[in-house]
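Written out below as structure tokens is the structure these notes cover.
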Amino acid sequence: MLGKIHLLAGDLDKAIEIYKKAVEFSPENTELLTTLGLLYLQVGIYQKAFEHLGNALTYDPVNYKAILAAGSMMQTHGDFDVALTKYRVIASAVPESPPLWNNIGMCFFGKKKYVAAISCLKRANYLAPFDWKILYNLGLVHLTMQQYASAFHFLSAAINFQPKMGELYMLLAVALTNLEDTENAKRAYAEAVRLDKYNPLVNLNYAVLLYNQGEKRDALAQYQEMEKKVNLLKDSSSLEYDSEMVETAQKLGAALQVGEALVWTKPVKDPKSKQRTTSTSKAASFQQPLGSNQALGQAMSSAAAYSKLPSGRRGHK
């Protein structure tokens, strides 16, 4: 109960300390092990999270919360088949779980089985119509399939429930760009830039749109903001960028005549972060448009949290 009070007060570190003591007294208590694992997952200590969730599953192999959380971590690392095997264990026991169907859908998304992904996400959406993360994921999959009107529908709904998330506005802007509604796409990008102070992809996509509209000065301003964010992220973490994002940034830099000497980490495809920015021009062909700036954000998976799900920048929903 003391741990729950710390959680209600928002003090995760103290809650973790209390639950660690509780697990020492009751090392076979699956509820305590699962809660401690979820807390470690939330603060980003994945090794300990996996350790405690694994211990919980040792004592209770069909523990719904532990399986969902462990599967979420597996998805984060691209182990979609292993995660699906875990989810199959609990699918018959909790067939009407929105987070479960959401996660299954995003496993199929990771495996590029988009029709199956949409089918599972639609079921999750039917079971939890007000869950913004499910709506976000539906928008993401429809964008990937180039079904822009459907993507707009789901992303708009997600924004109604989560109006302070910059990445939602960026994805909405991508849909609007492809629907040839440039003015509203610019408004969406402007809102995304205002809300998201960390994601360089927001500024890159906005810069591509502005460049394609002939607004080179504004495009350059967004490009420079993107570089600032990249340098900040490089200093604070070992984040690696999608190779297509790096390539497009370099082409845009050349088109804006600011050079291609970007300070990127080694580009690596992240199986979770489907950050795609298509580019159809060659760096030397400045007059050609730089593509439809179709950038996709990261999928989100649900861990069966002890209370409400965190709305931060964590892994998939």
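Details
- Oblate is the label for segment 148-221, because a/c, from the alpha-carbon gyration tensor with a ≥ b ≥ c as root eigenvalues, is 1.5 or above and a/b does not exceed b/c.
- Estimated FRET transfer efficiency when R0 is 25 angstrom, pair residue 232-residue 59 (beta carbons, to 0.05): 0.05
- Computed from the C-beta positions of residue 162 and residue 47, the FRET efficiency with R₀ = 35 Å rounds to 0.70.
- Euclidean distance between Cα centres, segment 132-167 to segment 1-44, Å: 33 Å
- Pairs of lysines in segment 86-213 whose Cα atoms sit within less than 22 Å of one another amount to 17, provided the residues are eight or more positions apart or on different chains.
- Restriction of the chymotrypsin sites (Phe, Trp or Tyr not before Pro) in segment 1-93 to DSSP coil positions whose beta-carbon has at most 11 other beta-carbons within 10 angstrom yields no sites.
- Spacing of the two label points (7 Å from each Cα toward its C-beta) at residue 150 and residue 12, in nm: 3.4 nm
- An oblate overall shape is assigned to segment 97-160, the ratio a/c of its alpha-carbon gyration tensor axes (a ≥ b ≥ c) being 1.5 or greater and a/b not exceeding b/c.
- Segment 53-144, relative contact order in percent, only Cα pairs under 8 angstrom and at least six apart counted: 20 percent
- Multiplying the residue separation of residue 221 and residue 1 by 0.36 nm and subtracting their alpha-carbon distance yields 74.0 nm.
- Cβ-defined net charge surrounding residue 207, 10 Å radius [Lys, Arg +1; Asp, Glu -1]: -2
A short reminder: the numbers here are calculations on the coordinates, not readings from a lab. Predicted model, so just to flag it, every value in this text is computed and none were measured. When we count neighbours, we look across all protein chains shown, and the Cβ atoms used for this are built from the backbone with ideal geometry, even at glycine.
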